[in-house]
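A short write-up of the structure that comes next.
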Amino acid sequence: MTKSYQNYIGGTWVSGTSEIENRNPSDVSDLIGLYAQASANQLDQALDQARVAQAEWAATGIEKKYTVLMAIGTEMMARAEELGTLLAREEGKPLAEGKGEVYRAGQFFTYYAAETLRQMGDTADSTRPGIEIDVRREALGVVAIISPWNFPTATASWKIAPALCYGNAVVWKPANATPASAVALTEIIAKQDIPAGLFNLVMGAGSEIGQALVESPKIDGISFTGSVPVGKGIARAAIENLTKIQMEMGSKNALAVMDDADIDLAVAMAAGGAFGGTGQKCTASSRLVVHASIHDEFVEKLIKATQAMKVGHALDAGTQMGPAVSAQQLKENLAYVDLGKSEGAELVCGGARLEMPTEGFYMSPGVFVGATNQMQINREEMFAPLAAVIKVDSYAEALGTVNDTNFGLTAGIITSNLARATHFRRNARAGCVMVNLATAGTDYHVPFGGRGDSSYGSREQGSYAAEFYTSVKTAYISSGAPD
Ligand code: NDP
């Protein structure tokens with residue numbers, strides 16, 4: 001019999017009003033489980049209990065917080081194999097990527113465990129005699145976390161870990177496409193000695209429970225990762241209550257390949273950056289801006305590398321690219337293939353639906369050439385295993401093309417010229433810049449975020465996360481004269 005999984009509200013596992021099926025995108029006959037959908041009342045209960053628990057947690061000593069976060073991170077790392085397999089099974093990313101994601105998620109918790117001990121403030125003398133000033137950060141309060149399906153464990157962890165580190169309570173609405181990873185992480189957090197209600201899992205549709213959560217006046221902050229249209233809606237809801245927000249919404253990242261580049265390195269970075277995670281990465285290298293003098297050689301080698309990629313069941317050994325996450329995502333991906341062709345780009349390989357021994361949402365990675373930066377395939381985030389090559393005649397044209405986008409999360413350059421690398425690093429309009437690296441692939445101890453439509457609000461990750469998860473208090477102290 002298929003197992004049912006519940007929401008976690010006020011320290012108790014509870015059934016919802018209905019359940020959704022969670023099926024493996026590599027093999028739709030594999031039913032992973034049934035997952036509860038929370039009601040509006042349950043959400044309200046979670047918010048009320050979070051408020052009470054937050055006060056207790058904020059007053060809890062930093063060593064206790066350290067111990068809790070360290071225990072969560074350590075368990076995740078120790079169980080990376082098991083939980084990574086579950087993640088790969090429900091999301092469709094290759095097993096190695098699933099395990100790597102869970103391990104990385106654990107590192108977010110151990111990193112923020114240490115951050116609990118590194119919370120420092122400022123002191124100053126007042127301009128008025130005899131008065132001292134103490135500036136410190138306090139918890140924001142109750143934080144709503146809304147996470148996507150593409151990195152369901154890592155994204156959630158880089159929000160939950162700092163939220164708890166800085167003394168907040170959490171109400172987490174994960175993506176309905178990946179509820180198993182959410183329950184697994186919640187089970188680990190629920191084992192800890194923390195106030196009941198400090199951490200709540202409310203699964204449900206974004207348009208229903210997610211919308212109710214972001215509209216609630218009972219939250220103090222919203223951290224969201226997902227699409228631009230949903231992000232804009234969340235921002236509108238947040239402004240009604242003047243709720244603090246932080247949003248990361250994807251991108252249209254470009255990798256510039258210069259005439260002085262190591263072509264084999266460029267091809268490896270382009271293929272890995274464009275097709276890793278089936279292209280379902282906000283950091284995916286979907287625009288390849290290539291110098292005319294090496295264009296043909298680069299394209300020839302890129303086609304070979306793309307065709308050599310092994311597409312298959314996420315849990316099969318040797319699979320380099322799994323299926324799209326859902327039938328809907330696959331449909332949208334294939335629509336972008338048609339769109340690119342209709343815009344005049346030439347599809348030189350892949351971009352086709354694939355039949356496999358198991359029924360899933362498979363397609364081959366695809367490369368367009370002859371594309372211009374004005375085409376819709378180069379303006380919109382496709383979230384597909386598709387990359388478009390744009391030919392340019394100079395470094396200056398490459399930089400201009402990289403920067404000609406409404407987004408600005410990551411930008412990369414492959415070059416052996418120090419002057420170009422330095423100029424690019426200083427002038428690419430993106431939150432993260434990569435030199436001789438793919439646009440995807442970031443660390444956990446430094447800030448992550450972008451410009452333009454990619455991000456809104458302060459940065460995530462590293463110590464910069466404190467900006468969102470805390471509120472600054474300035475205290476004035478007049479101690480008077482001693483006897
Ligand atoms: P969404 O933006 O719809 O989903 C992201 C999260 O927001 C999910 O948890 C979702 O819940 C929730 N959500 C949806 N609607 C609301 C709402 N009205 N109020 C509050 N929360 C809401 O992304 P999709 O999953 O639909 O993916 C569509 C496209 O978005 C992708 O193709 C890609 O281009 C982009 N995307 C970008 C990501 C990134 O890393 N920046 C991540 C994911 C998507 P639920 O899924 O349960 O409905």
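The long axis of helix 418-427 is offset from the longest Cα principal axis of the chain by roughly 50 degrees. Entry note, the chain: the mean residue ellipticity at 222 nm calculated from DSSP H runs of n ≥ 4, each adding -39500 (n - 2.57), is -12000 deg cm²/dmol after division by the residues and rounding to the nearest 500. Beta bridges from DSSP with both residues in the chain: antiparallel share about 45 percent, rounded to the nearest 5.
The listed peptides 142-155, 106-119, 206-219, ordered by packing as a protection proxy, come out as 142-155, 106-119, 206-219 (highest mean of other Cβ atoms within 10 Å first).
Of the listed residues ARG79, ARG429, the order by accessible area with a 1.4 Å probe, largest first, is ARG429, ARG79. Stokes-Einstein diffusion for the stretch 322-463, with the hydrodynamic radius set to the Kirkwood value over Cα pairs and evaluated at 25 °C in a medium of 0.890 mPa s, equals 146 µm²/s.
Accessible area per residue (1.4 Å probe, heavy atoms of protein chains only) ranks ASP296, ASP404 as ASP296, ASP404, with the largest value leading.
From the alpha carbon centroid of the stretch 80-113 to that of the stretch 212-270 is 21 Å.
Packing, as the average of other Cβ atoms within 10 Å across residues, places the peptides 189-198, 473-482 in the order 189-198, 473-482, highest first.
Going Cα to Cα from LYS301, which lysines come in below 18 Å? Please leave out same-chain ones fewer than 8 positions away. Hits, sequence-local ones excluded: LYS310, LYS391. To put it simply, the accessible area of the stretch 192-346 at a 1.4 Å probe is 54 percent carbon and sulfur. Remark: the chain is approximated by an ellipsoid whose semi-axes, taken from the C-alpha gyration tensor as √(5λ), come to 40, 29, 19 Å, largest first. Across the stretch 383-483, the volume of the C-alpha convex hull divided among the residues equals 183 Å³ per residue. Take 340-347, 68-75 and order them by the average number of nearby Cβ atoms within 10 Å per residue, most first; the result is 68-75, 340-347.
Close amide-amide hydrogen proximity is noted between GLU460 and PHE448, each under 5 Å apart and 5 or more residues distant or on a separate chain (H modeled in the peptide plane; Pro and chain starts excluded).
Note that the chain presents 40 Å² accessible area per residue, ligands and nucleic acids not counted, probe 1.4 Å.
The values are calculated or read from the model by the stated rules, or taken from the named source; none is laboratory data. Please read these numbers as outputs of a predicted model, since none were measured by experiment. Cβ coordinates were reconstructed from backbone atoms using ideal geometry, including for glycine residues, and neighbour counts include every protein chain displayed. Heads up: the accessible areas ignore ligands, DNA and RNA and are worked out on the full protein's heavy atoms, side chains in. Shrake-Rupley method; radii C 1.70, N 1.55, O 1.52, S 1.80 Å.
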